[in-house]
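The values are calculated or read from the model by the stated rules, or taken from the named source; none is laboratory data. Nothing here was measured: the structure is a model prediction, and the numbers come from that model. We place every Cβ from the backbone using ideal geometry, glycine too, and count neighbours over all the protein chains shown.
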Amino acid sequence: MIAQGRKVTVKGIAIATRWARPSLVPEDPHLSVKDPLDEGEPIEPEEKDALFIGMLRHHIANLIRPLGHTVLANALHALTQQRFPRRLQGDRDFARAALDAAPVGEIDKAAGMDGLNGGIVTRAGPVTDAGVTAGDQEALARLNLGPVFVGIERELIEAPIEADPQPEAVGQSR
């Protein structure tokens, strides 16, 4: 992994996402990871925290972009690149505003979730237009494309926006 332009050693990072619908029983999850040791410079614990937050920001951005949340995804990616505290605060404010402006969906009021940011996904893939109406969903269903709303809890998106690693430890991760 590259952090602040130097190769660092980070062992064992795997990110998995499990999609499920409330009406169907999800299959047992499977995770396969190849985890070779890639030697680099040792890093401090606060640098590890900053790298974790950066990876979480990238992961969430990559999940929400195909669901039609390009501005929010770009804002999360921008947070992973910023090294300067004042600019980081500006990027964080922009990410908060993008999250606040993103449409909120709900699956089931009884599910105990405050709201989801997501979009409609069909058998043919995500519908990136955020303005999918109920009539559009009915038309997709008639075409046997099985439209479903897929969302990510707003709290999960907000957490890495609000995370505050040491500004000097924040750098580009890949």
Exception for ALA75 within (1) at pLDDT 75 or above; (2) among the small types (Gly, Ala, Ser); (3) over 30 Å from PHE149 (Cα atoms) falls at (3)
Every listed condition ((1) over 18 Å from the mean Cα position of the chain (by Cα); (2) surrounded by 13 or more Cβ atoms within 10 Å (Cβ to Cβ); (3) of a type in the set (Lys, Arg)) holds for ARG86 save (2)
Of the residues in region 105-130 that are surrounded by 12 or more Cβ atoms within 10 Å (Cβ to Cβ), more than 8 Å from LEU67 (Cα to Cα) and at pLDDT 75 or above, the one that is farthest from the chain's Cα centre (by Cα) is THR122
For region 77-108 the number of residues that are touching a strand residue (DSSP E or B) at 6+ places or on another chain (Cβ under 8 Å) and under 20 Å from LEU56 (Cα atoms) is 2
Selection over region 16-58 where residues are modelled with pLDDT under 65, charged (D, E, K, R) and surrounded by 11 or more Cβ atoms within 10 Å (Cβ to Cβ) yields a count of 1
